[in-house]
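**Q** Below is one structure. I have some questions about it.
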Amino acid sequence: MTTLVFGHKSPDTDSTGSPIVWAWYLNEVKGEAAKPALLGEPNTEAAFMLSHWGLEKPEIISDVAEGAPVVIVDTNNPAELPASINAADITAIIDHHKLVGGLETKGPIDITVRPLACTATIMVDLMGDDAAKMPEAIKGAALTCILSDTLEFRSPTTTAHDKAVAEKLAADLGVDISEFASKMFAAKSDVSAFSDAELIRMDSKEYAVEGTKFRVSVLETTAPEIPLDRKASLMESFKTVAAEDGIDEVLLFVVDIIKEEATLLVPNDLVKTVAEKSFGATVSGDTVVLPGIMSRKKQIIPNLKL
């Protein structure tokens, strides 16, 4: 049977590119039939990656069949995976997030979870000398994933190893990192075609704080004025998204990649309380700027308080 390789729902660049990278490795190096898949439409930066490197968009799937062999990458959270994930035959997990729990396997499996900024970095490491065999497009996908997850090394999740792997890939490809990252971020910032609800869900994770369920959404951009100009309609859409997704509140952080700060939209007293208790902020309007806040994984989620 062909192994499906996929990441989380609302696929970002890492959850789009890393399945492609690992499926290539399983097919071409390990001799195991595999194909990448997506759990939704890729975001604009991920779409840029596919186009730039001439990669085919993986098939979008809504669920997995019972007993189907799968490799899970860039997540280990059942809430971010297909409903029938525990009925599938999970053969491996490759991730860089904290362990959540809830996944069930048919037997012992290979699990690699490392404190690095990007799943693709881990994959390059796992390949060892075989990484040199990656064709240009696969190296390009890996590079794009690392630059995306590290925000071109600005994110506090960045490690020296992530940077070293990215610089080696860029050198192999003859790519100027700064120039290429600018193109990536320009693509990520072009959100004009998306509805408010799509923007809110585009890069988001569900997280509960003291029994209150939040959708923690992040928009990383070099043009923060674009989403912030829509703040009134975005905040109005929070209610609709919350009702449809069965959560209590949306937290939307607009991350300015250049200024290295986040702006949190504050539609009500609950979010005001979160901003003040979590980040020591003083809130006087419907937005608050949080200097230095760049990473949901390292700076936002761990600090959320009510």
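The values are calculated or read from the model by the stated rules, or taken from the named source; none is laboratory data. Source: prediction; values computed, not measured. Cβ: placed from backbone, ideal geometry, glycine included. Neighbour counts: every protein chain shown.
**Q** Of the residues Ala46, Ala131, Ala137, only one is over 19 Å from the mean Cα position of the chain (by Cα), at pLDDT 95 or above, within 27 Å of Ala187 (Cα to Cα) and assigned to a helix (DSSP H, G or I); which?
**A** Exactly one of Ala46, Ala131, Ala137 is over 19 Å from the mean Cα position of the chain (by Cα), at pLDDT 95 or above, within 27 Å of Ala187 (Cα to Cα) and assigned to a helix (DSSP H, G or I), namely Ala137.
**Q** OK, next. Restricting to segment 268-306, and then to whatever is within 25 Å of Leu116 (Cα to Cα) and touching a Pro at 6+ places or on another chain (Cβ under 8 Å), can you tell me which residue is surrounded by the fewest Cβ atoms within 10 Å (Cβ to Cβ)?
**A** By that ranking, first place goes to Lys298.
**Q** Another one. Can you tell me which residues in segment 109-129 are touching a helix residue (DSSP H, G or I) at 6+ places or on another chain (Cβ under 7 Å) and either more than 25 Å from Lys297 (Cα to Cα) or touching a residue at least 24 places away in the same chain (Cβ under 8 Å) (or both)?
**A** Leu116, Ala117, Cys118, Thr119, Ala120, Thr121, Met123, Val124, Met127 - these are the residues of segment 109-129 that are touching a helix residue (DSSP H, G or I) at 6+ places or on another chain (Cβ under 7 Å) and either more than 25 Å from Lys297 (Cα to Cα) or touching a residue at least 24 places away in the same chain (Cβ under 8 Å) (or both).
**Q** Right, here's the next one. Do we find a residue being in the same structural domain as Ala132 (by TED's automatic domain parsing), closer than 24 Å to Leu199 by Cβ and outside any strand (DSSP E or B) anywhere in segment 19-34?
**A** Scanning segment 19-34 turns up at least one residue that is in the same structural domain as Ala132 (by TED's automatic domain parsing), closer than 24 Å to Leu199 by Cβ and outside any strand (DSSP E or B).
**Q** What's the total number of residues in segment 49-84 that are in a helix (DSSP H, G or I) and farther than 25 Å from Leu173 by Cα?
**A** Step one: list which residues in segment 49-84 are in a helix (DSSP H, G or I), which gives 49-52, 78-80.
Okay, now just the ones that are also farther than 25 Å from Leu173 by Cα, so 78-80.
Number of matching residues: 3.
**Q** Does Glu28 satisfy being over 18 Å from His97 (Cβ atoms), of a type in the set (Asp, Glu) and at pLDDT below 95?
**A** Considered against the rule, which asks whether it is over 18 Å from His97 (Cβ atoms), of a type in the set (Asp, Glu) and at pLDDT below 95, Glu28 comes out as no.
**Q** Another question about this same structure. With the structure loaded, tell me whether Thr112 is part of a helix (DSSP H, G or I), closer than 27 Å to Glu28 by Cα and within 20 Å of the chain's Cα centre (by Cα) or whether it fails that test.
**A** It is false that Thr112 is part of a helix (DSSP H, G or I), closer than 27 Å to Glu28 by Cα and within 20 Å of the chain's Cα centre (by Cα).
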